[in-house]
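Read the structure below first, then the notes.
The values are calculated or read from the model by the stated rules, or taken from the named source; none is laboratory data. Bear in mind the structure is a predicted one, so any value in this text is a computation, not a measurement. Cβ coordinates were reconstructed from backbone atoms using ideal geometry, including for glycine residues, and neighbour counts include every protein chain displayed. To get the accessible areas, we keep the full protein, side chains included, count just its heavy atoms, and leave off ligands, DNA and RNA. Shrake-Rupley method; radii C 1.70, N 1.55, O 1.52, S 1.80 Å.
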Amino acid sequence: MNTELVLLYHSIGAVINEHKAWGNKFIENLSKDIRREFPASKGYSVRNLKYMAKFAQTYPDREFVQQVVAQIPWGHNLVLLDKVSNPEERHWYLAACQKNGWSRAVLVHQIESGLYQRQVLADKVSNFEKRLPSPQSELAVQTMKDPYIFDFIPFKEDMVERDIERALVRDVTKLLLELGTGFAFLGNQYHLNVGGEDFYIDLLFYNLNLRCYVVIELKTGEFKPEYAGQLNFYLSAVDGILKKEQDNPSIGLLLCKSKNDLVAEYSLKDMSKPIGVSAYQITSDLPEELGKQLPSVEDIQKRITAADLQAEGSKV
C-alpha cells in the first residue's frame with residue numbers, strides 16, 4: 001500500500017511541476033478541487049501537494065523511486081527532503097531505513113546525530129583490514145562510528161569509567177541503537193578467569209552480522225597506547241574461552257573521551273588482534289556564540305533577588 005501511495009504522490013508531483021507556469025494559485029486551486037471531488041481523501045493539502053512537487057523534482061527517475069524510495073513511508077521521505085540536501089547522503093539514509101526498519105523518530109535522531117558523517121565520512125582508526133579476512137574486515141569498518149554519541153547519559157564532571165558503563169547499561173536500548181544493527185548485549189563487567197586470575201570486561205556483545213564477539217572498553221580520558229595492549233589481551237582471552245569454531249575472530253572497540261589519531265594508529269600497528277579506536281561524546285557542548293547569549297545561574301539568581309526586592313518595595 002505504501003509503495004502505491006508514494007508512487008501516486010510522485011505522479012501528482014510531476015504533474016504539478018509541469019504546470020508551474022500556470023501561476024502561484026495552481027496548487028491552491030488543485031487542492032480545493034481534489035478535496036471537493038473526493039471529500040473522504042486525505043493528504044491533499046496545499047502543504048502536502050508542494051511536498052509532492054519537491055519529491056518529484058528531487059527524484060526524477062521513477063524507476064529509482066519505485067525500487068528504492070517507495071520502500072519507506074511517505075513521512076520518512078518528508079524527513080529526508082527537509083533535513084538532507086546532499087543526494088549521496090540522502091540515498092545512504094534511504095538504504096539504511098529500508099535495511100534497519102527505522103521508525104520516523106529514529107530516522108530523525110540518526111540524521112540529527114550526524115550518523116552519515118560519523119559512520120561513512122569519518123577517518124576511522126583500526127587495524128581491521130590487516131587483522132581480519134575479507135569481507136569481515138570491510139563490514140567491521142562500516143560498523144564503526146567516530147565519534148559515538150551517548151547523549152542519553154546525564155553528564156557529571158567527575159564521572160569515571162564505571163559511571164559511564166552503568167549509565168549505558170541502564171539504557172541499553174539506546175546503547176544498542178547507537179552501536180548499530182546486529183549487536184546483542186551479553187553483559188557488563190563480564191568475568192573471565194585466566195590462569196586462576198580474575199579479569200572483567202567493561203561491555204561484551206555478540207554481533208550477529210559479523211558473527212563474532214565484540215569487546216568494548218571505556219576510558220574517560222585521552223587514548224593511551226597501553227589501553228590497546230590491555231584490550232588485545234582481553235580479545236585473546238575471549239577467543240580462547242568463549243569463541244566457538246563457527247565464530248569469526250573477536251573484535252575490540254576502545255572508546256576514549258579523545259584520541260590522537262597518529263598515536264592510536266601506531267599503537268594498533270603491531271597488535272595481533274583486530275581493534276578499533278573511537279572517541280565518544282556524552283553531551284554536545286553549546287556553541288560559543290550561543291553560550292554567550294544564555295544567562296548563567298548567577299545571573300538568574302540576581303534577577304530573582306532584584307525582582308523580590310522590587311516586589312517588597314511596592315508593598316510598603
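Considering every residue within region 122-144, establish whether at least one is over 21 Å from residue 275 (Cα atoms), within 21 Å of the chain's Cα centre (by Cα) and open to solvent by 10 Å² or more (accessible area, probe 1.4 Å).
Residues of region 122-144 over 21 Å from residue 275 (Cα atoms): none.
Scanning region 122-144, I find no residue that is over 21 Å from residue 275 (Cα atoms), within 21 Å of the chain's Cα centre (by Cα) and open to solvent by 10 Å² or more (accessible area, probe 1.4 Å), so the answer is no.
Within region 206-250, track down each residue that is in a strand (DSSP E or B) and open to solvent by less than 10 Å² (accessible area, probe 1.4 Å).
Pass one, region 206-250, residues in a strand (DSSP E or B): 206-207, 212-222.
Scanning region 206-250 gives 207, 212, 214, 215, 216, 217, 218.
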> Of 47, 36, which residue is within 22 Å of residue 111 (Cβ to Cβ), surrounded by fewer than 18 Cβ atoms within 10 Å (Cβ to Cβ) and either under 23 Å from the mean Cα position of the chain (by Cα) or of a type in the set (Lys, Arg) (or both)?
Replying inline: 47
> farther than 16 Å from residue 107 by Cα, open to solvent by less than 70 Å² (accessible area, probe 1.4 Å) and either touching an Asp or Glu at 6+ places or on another chain (Cβ under 8 Å) or charged (D, E, K, R) (or both): does that describe residue 65?
Replying inline: no
>> Of the residues 104, 162, only one is of a type in the set (Lys, Arg) and over 29 Å from residue 256 (Cβ atoms); which?
In response: 104
> Regarding residue 125, is this residue under 15 Å from residue 149 (Cα atoms) and in contact (Cβ under 8 Å) with a residue 60 or more places away in the chain?
Replying inline: no
